[in-house]
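Reading through the structure tokens given below for one structure.
The values are calculated or read from the model by the stated rules, or taken from the named source; none is laboratory data. All values derive from a computational prediction rather than experimental measurement. Here the Cβ positions follow ideal geometry from the backbone for every residue, glycine too, while neighbour counts run over all protein chains shown. Ligands, DNA and RNA are stripped out before the accessible areas are found, and what is left, the full protein with its side chains, is counted by its heavy atoms. Shrake-Rupley method; radii C 1.70, N 1.55, O 1.52, S 1.80 Å.
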Amino acid sequence: MDPDIGISRVAIVGTGLIGSSWAACFLAHGLDVIATDPAPGAEDNARQYIDAAWPALAKIGLAPGASTSRLEFTGDLKGAVASADLVQENAPEREPIKIKLFAEMDSILPPPAILASSTSGIPMSRIQSECEHPERCVTGHPFNPPHLIPLVEVVGGAKTSAETIERTMHFYTAMGKRALHIRKEVPGHVANRLAAALYREVAYLIDQDVVSVADVDAAVCMGPGLRWALMGPNLIYHLGGGPGGIRHYFEQFTGPMTAFWANLGSPDLGPELQKKIVDGVLEEVDGRSFEALSQERDNLIMGLLELLSHRAKAEPVAASGHAADGS
């Protein structure tokens, strides 16, 4: 336990894909984890997920004392959260469920223990609305799979204390995460809004028969997606402006960019378009299992993270004399 954080025991409430992945992450960092989920077979599924994830975590590096044996599972919510220093909630993404669950956990677990939600878009101000101690409630939204993806969005509600934000940021950073403090509550936080904006255009282009499902995936992952993973859109456009940087980029490309914005689509993601996308995805999958695709994704993520780990050690790249390409 980091004495500055005061967190050595974490409760996982809800052990689906996200909850099980969080459990693997916390175990790999040497914490005690107690998990609970009322679903049939939840314990077996969670342990199988963690066992499958462990080799990748071992390759990344385990904390002293890290072990899957430090996972305890119980069907009793009170027993799971009563002695936790932090709760990571991963219940279904339904506002009434989360409000009720947080109120119940808040009545069981005394402060200063933190109640964190993995919610992908419900504002914490609503989730904490029936809690007696809303100041210790916070969103800690990960990206799938949390045991590998560094990003965690930390969002306070209207009654979340600054101390809770600080402690939560410190905790996730100690877990190897890139914790971002999202300063205002908006539905979907930040990263999911960016993903939704992109997918709206993906769906529109498929709907309009501009491109196939497989080819639009390739357009992202073999084009801008590679660059976004390395630097993000603002720095990439800074380079796209040539030696003049982002200022020159705007001078040269604001007109075309805003013209693209005006022409972006707003598709109806109804049954017909859903079927079109589903059929295209299944064709792209080509019979590969969920497990095989997940393993391929995780191996690629690990390789990319290994490359990114060297970025801070690299010497700054001198500006080239190439003409701006706007890309």
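What residue, among those in the range 219-248 that are over 30 Å from residue 284 (Cα atoms) and in contact (Cβ under 8 Å) with a residue 60 or more places away in the chain, is nearest to the chain's Cα centre (by Cα)?
Taking the range 219-248 and keeping what is over 30 Å from residue 284 (Cα atoms), we get 234-235, 237-248.
If we keep only those that are in contact (Cβ under 8 Å) with a residue 60 or more places away in the chain as well, we get 240-244, 248.
Numbers: 240: 28, 241: 30, 242: 32, 243: 34, 244: 34, 248: 33 Å.
Within the range 219-248, the match that is nearest to the chain's Cα centre (by Cα) is 240.
Scanning the range 198-219 for residues being surrounded by fewer than 17 Cβ atoms within 10 Å (Cβ to Cβ) and either closer than 16 Å to residue 143 by Cβ or in contact with a Pro (Cβ under 6 Å, 6 or more places away or on another chain) (or both) gives a total of 2. Cβ-Cβ distances below 6 Å connect the following pairs, each with a first residue in the range 257-283 that is over 30 Å from residue 241 (Cβ atoms) and in contact (Cβ under 8 Å) with a residue 12 or more places away in the chain, a second residue that is of a type in the set (Gly, Ala, Ser) and not in a loop (DSSP other than H, G, I, E, B), and a separation of six or more residues or different chains: 267/203; 269/203. Considering (1) exposed (fewer than 14 other Cβ atoms within 10 Å of the Cβ); (2) modelled with pLDDT of 95 or more; (3) of a type outside the set (Asp, Glu); (4) touching a Leu at 6+ places or on another chain (Cβ under 8 Å), the lone condition that residue 255 does not fulfil carries the number (4).
Residue 298 passes every criterion in (1) within 30 Å of residue 52 (Cα to Cα); (2) outside any helix (DSSP H, G or I); (3) not aromatic (Phe, Trp, Tyr) apart from (2).
Counting only helices (runs of 4 or more DSSP H) that sit wholly inside the range 147-253, those with at least 1 residues that are in contact with a Phe, Trp or Tyr (Cβ under 6 Å, 6 or more places away or on another chain) are 233-240.
Taken together, 35, 24, 39 contain a single residue that is touching a His at 6+ places or on another chain (Cβ under 8 Å) and either at pLDDT 95 or above or more than 21 Å from residue 150 (Cβ to Cβ) (or both), which is 24.
Return yes when residue 97 is β-branched (Val, Ile, Thr) and either surrounded by 17 or more Cβ atoms within 10 Å (Cβ to Cβ) or not in a helix (DSSP H, G or I) (or both) and no when it is not. Taking the combined requirement at face value, the residue does not satisfy it.
Can you tell me which residues in the range 302-327 are of a type in the set (A, V, I, L, M) and either modelled with pLDDT of 95 or more or exposed (fewer than 10 other Cβ atoms within 10 Å of the Cβ) (or both)? Correct list: 312, 314, 317, 318, 323. Considering the conditions (1) within 27 Å of the chain's Cα centre (by Cα); (2) assigned to a helix (DSSP H, G or I), residue 265 is excluded by exactly one of them, (2).
Considering each of 83, 120 in turn, give the residue that is open to solvent by 40 Å² or more (accessible area, probe 1.4 Å), modelled with pLDDT of 95 or more and not in a helix (DSSP H, G or I).
Details: 83 fails: modelled with pLDDT of 95 or more.
Checking each option against the conditions leaves just 120.
Considering the conditions (1) open to solvent by less than 100 Å² (accessible area, probe 1.4 Å); (2) under 20 Å from residue 198 (Cα atoms); (3) more than 26 Å from the chain's Cα centre (by Cα), residue 280 is excluded by exactly one of them, (3).
Taking residue 260 as the residue in question, decide whether it is surrounded by 12 or more Cβ atoms within 10 Å (Cβ to Cβ), over 24 Å from the mean Cα position of the chain (by Cα) and either at pLDDT 95 or above or part of a loop (DSSP other than H, G, I, E, B) (or both).
no
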